[in-house]
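Here is the structure we will look at, set down as structure tokens.
The values are calculated or read from the model by the stated rules, or taken from the named source; none is laboratory data. Keep in mind that this is a model prediction, so the values were computed, not measured. When we count neighbours, we look across all protein chains shown, and the Cβ atoms used for this are built from the backbone with ideal geometry, even at glycine. Note: accessible area is taken over every heavy atom of the protein model, side chains too, but ligands, DNA and RNA are not part of it. Shrake-Rupley method; radii C 1.70, N 1.55, O 1.52, S 1.80 Å.
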Amino acid sequence: MLDACGGMLTSMVRTAPAEARAYHVFGTSDAEGFAAMGVVETLVHTHDVAQGLGLPWSPPAGLCGRALARLFPCAPADTDRWQTLLWATGRGELPGRGRLESWRWYSAVAR
């Protein structure tokens, strides 16, 4: 299922015209925004499953960094990218920053 959904998202992102926009509750987004949302959903829910099963898992920092830059513009830039993504989605703490009790991403296209 993950492979099929990932393939569908990849196909849509690759074929969508640059000016295409679609609704999302946190801001009408472009293909890049939807790709970033798909990445975040996959990474954090894989983390949730791995943690629940007691398995170590962490994704590439570059992938986390790109998702953070696109969807979480207010996230700190000088911290570990994976730990920051976990923090930005309410799943962890960062030095000097407690766990977020509520969070959201910003999927609207930057102007």
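For the stretch 91-109, a residue qualifies if it is free of Cβ contacts under 8 Å to residues at least 12 places away in the same chain and either within 20 Å of Gly38 (Cα to Cα) or under 15 Å from the mean Cα position of the chain (by Cα) (or both), and exactly one does: Gly92. Selection of the stretch 25-73 for residues being within 15 Å of Val109 (Cα to Cα), in contact (Cβ under 8 Å) with a residue 24 or more places away in the chain and open to solvent by 40 Å² or more (accessible area, probe 1.4 Å) yields Phe26, Thr28, Glu32, Phe34, Arg66, Pro73. Would a scan of the stretch 90-103 turn up a residue that is hydrophobic (A, V, I, L, M, F, W, C), part of a loop (DSSP other than H, G, I, E, B) and surrounded by 14 or more Cβ atoms within 10 Å (Cβ to Cβ)? Yes, because at least one residue in the stretch 90-103 is hydrophobic (A, V, I, L, M, F, W, C), part of a loop (DSSP other than H, G, I, E, B) and surrounded by 14 or more Cβ atoms within 10 Å (Cβ to Cβ). Taken as a whole, the condition of being open to solvent by 40 Å² or more (accessible area, probe 1.4 Å), more than 14 Å from Val109 (Cα to Cα) and of a type in the set (Lys, Arg) does not apply to Arg21.
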